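Input: a single structure, listed below in structure tokens.
The values are calculated or read from the model by the stated rules, or taken from the named source; none is laboratory data. Just so you know, these numbers come straight off a predicted model, no measurement behind them. No Cβ is skipped: glycine too gets one built from the backbone with ideal geometry, and neighbour counts run over all protein chains shown.
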Amino acid sequence: MAEARAAAAGEPRPASAAGACAGPVPRSRPGRREASLELGAEPSSVLELERFVEGLGFLAPRERDRMKLAGDEILDNLVKHASPIEGGRIIARAARRRDGIFLGFYFRSARFADFASSCGDPEPLFDPEWRRWRGIGLRMCRNLCRDICMRSGRRHDRILLRFDPESAGSRGQPELG
């Protein structure tokens, strides 16, 4: 019942303990063009996310590539910069809809709430203390996606990436250049 309410409210469905982080097979109902996976808030989850996206049969290969690249960057940033993640878990949900392809991350983090409320679209900047650029990964994600939405809420925080689908004529075609 709680799962039905969560789905109706547009929230992620909780992954079962048996299916959590179990490998490349996404949790999805037959005929549905969506799938969810529960990830631990740890660096090894980036590889689990890649296996999850590779198993999404409703995406074309180049759509999966874009989703993996942007999703890896967002998940890596969550694990590194938003910790501690409440409950130590992040739900990833991928879907194909009429208005695009979506990848959402659902979690709870006080650090992320502070970040989301304090910035709009941060520009990349050089950090002299660490001698490295910061923000370039998020800029890359913005170039791969149509939209990125970061929201902090009372029950959970979320990052939603929306991608343009491949046109039917470009599927399977090699990149030029």
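Failed condition for G57, given (1) part of a loop (DSSP other than H, G, I, E, B); (2) closer than 28 Å to S117 by Cβ; (3) of a type in the set (G, A, S), with all others met?
Looking at each condition in turn, G57 falls short on (2).
Just need a number here: residues in segment 62-99 that are closer than 13 Å to I148 by Cα and either among the acidic types (D, E) or touching an Asp or Glu at 6+ places or on another chain (Cβ under 6 Å) (or both).
1
Of all residues in segment 22-44, which are over 20 Å from C145 (Cβ atoms), at pLDDT 95 or above and surrounded by 18 or more Cβ atoms within 10 Å (Cβ to Cβ)?
The answer is E38, A41.
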